[in-house]
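The values are calculated or read from the model by the stated rules, or taken from the named source; none is laboratory data. Not measured: the values here are computed from a predicted model. We place every Cβ from the backbone using ideal geometry, glycine too, and count neighbours over all the protein chains shown. Keep in mind that these areas ignore ligands, DNA and RNA; they rest on the heavy atoms of the full protein, side chains included. Shrake-Rupley method; radii C 1.70, N 1.55, O 1.52, S 1.80 Å.
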Amino acid sequence: MTHQQVTKTSSTISKKQFPNAVLLPIVIEELEKGKTVTLNLRGYSMRPFLENDRDKALLTKAVNPQVGDPVLAEISPKHYVLHRIIAIDGDKVTLRGDGNLGEEHCRLTDVKGAVIGFYRKGRKKLDRTDGRKWRIYSWFWTRLYPIRRYLLAFYRRIWLKIFKPKIE
C-alpha cells in the first residue's frame, strides 16, 4: 500500500508515491502535534463504503478510541491499517476493515489516529463519522457481519462491473 504526493508546477502535475512505512510515521508525527491530516486512501479493506485511490480520510490524534470508531493503527512495526475497532479488552484492541472478514490486533497505544470523516466520491463535503449518515451505515454494516462474505462477493463480482467507481 502506498500513498502519493501531488506537486503542481506551471504546466505539469507530478505524482510521487511513498510506502506506508515511510509516509505514515510522518503523518503520525503531525497528528501528535495536534494537527489534522487528510490522507488519500489506498487498499480495499474498507469496501464497500470507501474505495481505493478515490476517497480520503480526515484524521486527528486518537484520544479516547471506542468500539465502532474507524482508526489508523500500527498492527506490527511499520505496518498500518485504517480499520474499525470491533472490540477493546483492557489495552487489547481488535480491528476489522469493513471489506475484510478477518481480524487484526494491536494495543490501545498503537491506535495513532482517529477518523473525523471521509471525503467520498470526489466530493468536497466531509461525511463525518459522528454524523447521522455514517452512524446509520455503521449500525447496519456491522450487524451484517454474518453474511458479509456474500455481500462483498456480490459487490466485487457484480456491482463494481456495473457501477465502476470513478477515480479522481
In units of 2.2 N^0.38 Å, what is the alpha-carbon radius of gyration of segment 61-146?
1.08
Two decimals, Cα atoms only, Kirkwood Rh: what is Rg/Rh over segment 19-93?
0.94
Would you kindly give the portion of the calculated P(r) for segment 17-168 that falls above 26 Å, as a percent of all Cα pairs?
22 percent
Computed label-point distance, nm, for sites Lys33 and Ile88 using a 7 Å Cα→Cβ extension
2.7 nm
Could you work out what % of the accessible surface of segment 19-168 is carbon and sulfur, using a 1.4 angstrom probe and leaving DNA, RNA and ligands out of the count?
56 percent
Taking a threshold of 29 Å on the Cα-Cα distance, which of the pairs Lys61/Lys164; Lys16/Lys124; Lys112/Lys161 fall above it?
Lys61/Lys164; Lys112/Lys161
Surface accessible to a 1.4 Å probe, per residue, for the residues of the chain, Å²
61 Å²
For Ile75 and Ile162, what is the calculated FRET efficiency with R₀ set at 41 Å and r taken between the beta-carbons, to the nearest 0.05?
0.75
Extension reserve of the Lys16-Arg149 stretch, reckoned as 0.36 nm per residue once the Cα distance is removed
44.4 nm
Using heavy-atom solvent-accessible surface (probe 1.4 Å) with all chains present, what is the largest-first order of Arg96, Arg156?
Arg156, Arg96
Please work out how much length the chain gains when fully extended from Glu103 to Val63, using 0.36 nm per residue of separation minus the C-alpha to C-alpha distance, in nm with one decimal.
12.2 nm
Bridge orientation stat for the chain from DSSP, antiparallel percent rounded to 5, came to 100 percent
Rounded to the nearest 500, the 222 nm mean residue ellipticity computed for the chain from DSSP H runs (n ≥ 4, each -39500 (n - 2.57)) alone is -5500 deg cm²/dmol
Give the distance, in whole Å, between the Cα centre of segment 79-112 and the Cα centre of segment 114-146.
17 Å
